[in-house]
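Chemist: What follows is a single structure, and I will ask about it in a moment.
Rule-based calculations on the coordinates, nothing more; no lab input. This is a predicted model, so every value here is computed, not measured. Note that we place each Cβ from the backbone using ideal geometry, even for glycine, and neighbour counts take in every protein chain shown.
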Amino acid sequence: MPDSPLVLALLALWLALGSSAVSLLAGREPRLLRLVAVPLLGLAGVTALGAGLWTLIAGTSASAILPLGLPWLPWHVRLDPLAGVFLVLIGLVTGAVGLYGRDYVRDFEGGRESLIALGGFSGLFMAGMLLVVLADDAFVFMVAWEVMSLSSYFLVAFQHEQAANRRAAFLYLLMAHVGGLAILLGFGVLAAFGGGFDFEAMRAAELTPLWAGVAFALAFLGFGMKAGLAPLHAWLPEAHPVAPSHISALMSGVMLKVAVYGFIRVVLDLNGAVQWSWGVALIVIGGLSALIGVLFALVQTDLKRLLAYSSVENLGIIFIALGLSLLFQSTGHPNLAALALVAALYHALNHALFKSLLFLGAGAILHSTHERDLDQMGGLLRRMPWTGSFFLIGCLSISALPPFNGFVSEWLIFQSALQAWTLESGVLRSLVPIASAVLALTGALVAATFVKVYGIAFLGQARSRHVRRARPSPKGMWAGQGLLAGLCVLFGVLPTQILGLLDPVAEQLLGTGVPQAGASGWLWLTPISSETASYSAPLTILLLALIAGAAIWWFKRGASWRVRRCDPWDCGFAAPTPRMQYSAASFAQPIRRVFALLFLVDEGPDRSADGVTRYRLKIADRAWGWLYLPVARAVDASARRVVRLQSGSVRVYLGWTLATLLVLLWIIA
């Protein structure tokens, strides 16, 4: 196996562990974190990227057995096209984080936070994600999954002096372990029918429709909880904003996609025959997540919290596409199933790029202004022009505007949904257009959300003194953002080449790809056929350039070169101040009124002790009251009853022990 890309992937794993090991010395020599540990993390990302691209270009698989694990169950690892896509995803984002983090972590060198924890758990976090993707048996998968979850818990709790951060970290850990238990039970069902814990045995298993449905439901619960699908999403906007910004980029841009990978691996690769009801469940839950996520993002004023809710929306879009793939596959339309699957993978890659870019931009703003509240920002484009330019590309990409990458993947999802007329069931033919309408509404609300974000944060006047004194971020942070911004443009301009890399995954899982997508050459993308629909990103760029050139020519032709700068006639009113600008809350107020039933709103005048009256606005998620609080109350009540067992009497304890032994002997007998 000397020439195998699997060796390169394992090297990336060792580099990530090396980054973690070097961080152990950062307590004595803080500079080691940014000079060695963070660059090693970036190098691990580049190595993983190389392994993934090698696998996708070759279209082959490689496997190995490592001398680790249990005596009767050594570790099985495998690198195939599906794993290759997610290695590329991990590598792209981690490489950019390696450039960005070198300057970002400098601020922590003189603080009270543990640099050993930051660097050590960052390396373990990446190593866990890489090992999840490479795992070829349930034992390795669950070990890697726990490493990923536990290390990210410590990163969420990094600044643990704040009570809100500890609360968010505990909630994240609780949800991660509940989801992990569901995944473990799902693997148990597959292993029971396959006779082994390695994935090859599970692939060969023949499950009854009932048990296949049980395995699907457990996988959907476990991986959907990790992906932040509604209504199990409430942990995500609590945990992602409180982590360091480059870790937030890895969690939202990469970790959520590792959950998508796990779901695809279990459902399309291990679980056998697909049922149409699975696709319906994914479409319904995905549509609900997309709509709820974008609505809650729109009403947020905390920038990182807004981006976290936006991840709920984008994961919902990915699961809508996966639902379409399962629906078409189960009804005998493999070509359409392949198109929907490739669209889901494309959007997973795109979301990793533009969401990581936006989190890194939010981190740059936080680094320069120490501010996350949009209502305290304004005018940052003048003070942080590079960050403002890259952040604009991220906003255009996430809003799915051509010629950026977000448009291509969402357009492909729409194209697959428009083929619902091929389905025989009238109910299914009605369901898919409804999901398409929800997706269209989501797209419009996303555009409104990021018009608000960019307009409030980067345009207008500064609303606070520390924002007014903001300085450009260091060049390393520009480099990380610039790399992701360039990739957003590249993935939007060259979609046929990207689809060519994703095609082996569809062939591996579904037996067919989408070769017709590039049948008209690299200039045109034709997912169904050239007669049905086509898109050319290069021609779109040319058209936009011609329109911009014509507008500039017209302006120069009719305008004087001598421009006198002065205040315009203001009708006798007072000069505008920052307080007269739209705030983030006021921008979203009309839509908040329309969808008022989704929100728990506490608003009104609030008079403080010094006699100053301020307006109070707090918006909470109804999912807390519907789902989380009843469970919390039930757990508290059960705990109080269990406490009664602690009577302090040795005789009572011995009695309970004897009763337990008798019950166990009766069960065994």
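Chemist: For region 201-246 and region 94-144, compute the distance between their C-alpha centroids and round to whole Å.
Modeler: Measuring centre to centre over Cα atoms gives 22 Å.
Chemist: Let me have the 222 nm mean residue ellipticity of the chain computed from DSSP H runs of 4+ only, each contributing -39500 (n - 2.57), with the sum over all residues rounded to the nearest 500.
Modeler: So the calculated ellipticity at 222 nm is -22000 deg cm²/dmol.
Chemist: On alpha-carbon atoms, Rg over Rh for region 38-85 using Kirkwood Rh?
Modeler: 1.10
Chemist: In whole angstrom, how long is each semi-axis of the equivalent ellipsoid of the chain, when you take the square root of 5 times every eigenvalue of its Cα gyration tensor and sort them from largest down?
Modeler: 40, 33, 27
Chemist: Restricting everything to alpha-carbon atoms, can you work out Rg to Rh for region 70-227 with a Kirkwood hydrodynamic radius?
Modeler: Taking Rg over the Kirkwood Rh, I get 1.04.
Chemist: Based on the alpha carbon coordinates of region 580-622, what radius of gyration and maximum Cα-Cα distance (Dmax) apply, in Å?
Modeler: Cα only, region 580-622: 12.4, 35 Å (Rg, Dmax).
Chemist: Just how far, in whole angstrom, is region 479-494 from region 1-60 if you go by their alpha carbon centroids?
Modeler: 22
Chemist: Tell me which of Q376, A249, G18 sits at the most positive position along the dipole axis of the chain, charges placed on C-beta atoms (Lys, Arg +1; Asp, Glu -1).
Modeler: Of Q376, A249, G18, it is Q376.
Chemist: Taking the Cβ of each residue in I320, I116 as the centre, tally the other Cβ atoms inside 10 Å and list the residues starting with the fewest.
Modeler: In order of increasing Cβ crowding within 10 Å: I116, I320.
Chemist: Assign unit charges at the C-beta atoms only (+1 for Lys and Arg, -1 for Asp and Glu), then state the dipole size of the chain relative to its Cα centre in Debye, rounded to the nearest 20.
Modeler: 2540
Chemist: Go through A48, P527, Y153 and say which Cα lies farthest out towards the positive end of the charge dipole of the chain; charges sit on Cβ, +1 for Lys and Arg, -1 for Asp and Glu.
Modeler: Y153
Chemist: Take the alpha-carbon centre of region 359-417, take the same for region 446-466, and report the distance between them in whole Å.
Modeler: When both Cα centres are located, 11 Å separates them.
Chemist: Please express the shape of region 230-297 as an equivalent ellipsoid: the semi-axes are the square roots of 5 times the eigenvalues of the C-alpha gyration tensor, given largest first in whole angstrom.
Modeler: After diagonalising the Cα gyration tensor, the semi-axes are 26, 17, 7 Å.
Chemist: Order of 160-166, 298-304, 245-251, 173-179 by packing, highest average Cβ count within 10 Å first?
Modeler: 245-251, 298-304, 173-179, 160-166
Chemist: Counting other beta carbons within 10 Å of each Cβ, put E507, E238 in order, fewest first.
Modeler: E507, E238
Chemist: If I model a spin label as a point 7 Å beyond the Cα along the Cα-Cβ vector, how far apart are those points for E206 and W72 in nm?
Modeler: Inter-label distance under the simple model: 2.6 nm.
Chemist: For region 626-668, compute the orientation-averaged projected area of the C-alpha convex hull (one quarter of its surface), in nm². Please list the in-between numbers first.
Modeler: Working: hull surface 17.3 nm².
Directional mean of the projected Cα hull area for region 626-668 stands at 4.3 nm².
Chemist: Arrange the following residues from fewest to most other Cβ atoms within 10 Å of their Cβ: T331, T526, T540.
Modeler: The order, fewest Cβ neighbours first, is T540, T331, T526.
Chemist: At R0 = 30 Å, how high is the FRET efficiency between V178 and D373 if r is their beta carbon distance? Nearest 0.05 is fine.
Modeler: Rounded to the nearest 0.05, the efficiency is 0.40.
Chemist: By how many nm would the segment from W554 to S425 grow when fully extended, if each residue of separation counts as 0.36 nm and the alpha-carbon distance is taken off?
Modeler: Length gained, W554 through S425: 41.0 nm.
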